[in-house]
Amino acid sequence: MTRPLAIAAALAAVSCKPSPKSPLEVVPLSGADIYSMRCSVCHQQDGGGIPGNCPPFQNSPRLAGQPSELIHLVLQGRRGEVVRNGETYNGIMPAWRDELSDDQIAAVLNYILETWQPGAARVSTAEVSAARAATENAPLLPQDG
Ligand code: HEC
């Protein structure tokens, strides 16, 4: 592509308005679908994460902990250093409150729990709705520690 064409293409991309409903809003997606589309880039399809950045789901004390804290973490995101099995991870977990519905957050969290923490209690849409209301004014990306 010649330079002027590349610039024109970049400008077109910038001015292109998002469609009013993204595919995530119109198609009912399973937790596994949402995981593949939105989470696996960091957590990886096998849950192993990224060395130095994103901790693995295997043996995660958070997955074994309170579901309310997991919901809070997915709604608000998280940043800072976390140590697992002697390894330090320092990445950013995005906030999903404006990207995913309560149903979708429950579905993707239940997929994660079923896959990497079988036996853990499941998350309901009502719990996500309550947490969303309770954290309306809470800061995004709170820091670990
Ligand atoms: C840009 C990379 C990235 C993406 C995309 C991402 N995460 Fe995360 N996630 C992280 C990082 C980094 C942490 C650890 C955050 C911390 O403790 O500071 C984390 C932590 C978590 C945890 C807590 C587990 C643990 O052991 O600490 C859950 C649950 C989680 N993410 C779910 C999701 C879900 C659901 C999605 C998709 C909707 C998602 N993440 C997308 C990077 C990401």
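The values are calculated or read from the model by the stated rules, or taken from the named source; none is laboratory data. Note that the structure is a prediction, hence the values are computed from the model and not measured. We place every Cβ from the backbone using ideal geometry, glycine too, and count neighbours over all the protein chains shown. With ligands, DNA and RNA removed, areas are computed over all heavy atoms of the protein, side chains included. Shrake-Rupley method; radii C 1.70, N 1.55, O 1.52, S 1.80 Å.
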Discussion item. Please determine whether any residue of the stretch 72-90 is within 27 Å of Glu136 (Cα to Cα), part of a loop (DSSP other than H, G, I, E, B), touching a strand residue (DSSP E or B) at 6+ places or on another chain (Cβ under 8 Å) and near the ligand (Cβ under 9 Å from one of its atoms).
Written reply: yes
Worksheet item: Within the stretch 112-123, is there a residue that is in a helix (DSSP H, G or I) and open to solvent by less than 30 Å² (accessible area, probe 1.4 Å)?
Response: yes
